[in-house]
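Engineer: Take a look at this one; I'll ask things after.
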Amino acid sequence: MTDTVLDLFKLTGRRAIVTGGSGGIGLAIAKALGEAGALVALVSRTRTRLEAAATEVPNSVAVPADVMTIDPGQLVDECEAALGGPIDIVVHAAGFQHREPSVDFPVEQWDRLIRVHLTAPFLISQELGRRQLAAGRPASHIFIGSLNNWQSVVPNIPAYAAAKSGIGGAMRALSKEWSGKGIRCNGIAPGWVHTELTETLFSDWSRAKSIIARIPMGRLAEPSELGSVALFLASDASSYITGQMLVVDGGWTTS
């Protein structure tokens, strides 16, 4: 029995995979899930960064892997072995950026970005979905979208914009198929967040100033502010929410 509304946010006894868990938004989300009681498998390519991140996340283990190349079944097997049981939550936070005008954008960078931001999340969720449906196990799948789901925010990122637009569609398709069987699929569309991915852009203060001027809250988000939203979507507090991309942008899309 639930004692208080805060109990709905507890994840005690649940197991989670967070890709891109060694830094930025992924690390912040992993911390939130771990602090709520979940056992968390942090997935990222760089072992040293990943192991350092694991020291910051309660109840976590490091699972070094490249989501772009690893077989999804192998990844899920490794995470389940490390956590001691089946997965209840997945957060697809792995990502990188390449900026170049569309007329010059290299096809190899297009392929890499699509693979990391769109193909890998689908394949990992597909593998988890097979297992969860077969076991009749409820679950929460969380995808990281972007304001580029709806609008062209900045130039020179055509592959990222395409992938993030696609991930919203993939998330809604999975929700349509699975939510009646207990597997909720949702997403988070961050606005401007202070992470390594935005460092290059905001090193140009004239551009940064114009961006911040459009944000009604007048500042960038901190990664932890995405962590709390992911915790909400992972937990029973959002038990009747599925197929939604929650915008967390300080009011950008309303201005």
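Engineer: Hey, can you tell me all the residues within segment 103-149 that are closer than 28 Å to Arg14 by Cα, over 15 Å from the mean Cα position of the chain (by Cα) and part of a helix (DSSP H, G or I)?
Structural biologist: Gln126, Glu127, Leu128, Gly129, Arg130, Arg131, Gln132, Leu133, Ala134, Ala135
Engineer: Out of curiosity, is Ile241 in a loop (DSSP other than H, G, I, E, B), of a type in the set (A, V, I, L, M) and surrounded by fewer than 19 Cβ atoms within 10 Å (Cβ to Cβ)?
Structural biologist: yes
Engineer: Surrounded by fewer than 18 Cβ atoms within 10 Å (Cβ to Cβ), under 20 Å from the mean Cα position of the chain (by Cα) and of a type outside the set (Lys, Arg): does that describe Ser228?
Structural biologist: yes
Engineer: Yes or no: segment 90-102 includes at least one residue that is at negative phi, open to solvent by 40 Å² or more (accessible area, probe 1.4 Å) and in a helix (DSSP H, G or I).
Structural biologist: Yes, segment 90-102 contains at least one residue that is at negative phi, open to solvent by 40 Å² or more (accessible area, probe 1.4 Å) and in a helix (DSSP H, G or I).
Engineer: (1) open to solvent by less than 70 Å² (accessible area, probe 1.4 Å); (2) of a type outside the set (Phe, Trp, Tyr); (3) closer than 20 Å to Gly145 by Cα: which one isn't true of Arg172, the others all being true?
Structural biologist: Result: Arg172 passes all but (1).
Engineer: Okay, moving on. Quick one: in segment 150-164, of everything that is farther than 25 Å from Ile183 by Cα and part of a helix (DSSP H, G or I), which residue is least open to solvent (accessible area, probe 1.4 Å)?
Structural biologist: Ala159
Engineer: Evaluate the following for Gly250: is it within 15 Å of the chain's Cα centre (by Cα) and either under 30 Å from Asp7 (Cβ atoms) or of a type outside the set (Asp, Glu) (or both)?
Structural biologist: Values: within 15 Å of the chain's Cα centre (by Cα): no; either under 30 Å from Asp7 (Cβ atoms) or of a type outside the set (Asp, Glu) (or both): yes.
No; evaluated as a whole, the condition is false for this residue.
Engineer: Which residue pairs have Cβ atoms closer than 7 Å, lie 6 or more positions apart in sequence or on different chains, and pair a first residue in segment 60-71 that is closer than 20 Å to Ile29 by Cβ and among the hydroxyl-bearing types (Ser, Thr, Tyr) with a second residue that is open to solvent by less than 40 Å² (accessible area, probe 1.4 Å) and assigned to a strand (DSSP E or B)?
Structural biologist: Ser60/Val40; Ser60/Leu42
The values are calculated or read from the model by the stated rules, or taken from the named source; none is laboratory data. Please read these numbers as outputs of a predicted model, since none were measured by experiment. FYI the Cβ positions are ideal-geometry reconstructions off the backbone, even for glycines, and counts take in every protein chain you see. Note: areas computed on protein heavy atoms with side chains; ligands, DNA, RNA excluded. Shrake-Rupley method; radii C 1.70, N 1.55, O 1.52, S 1.80 Å.
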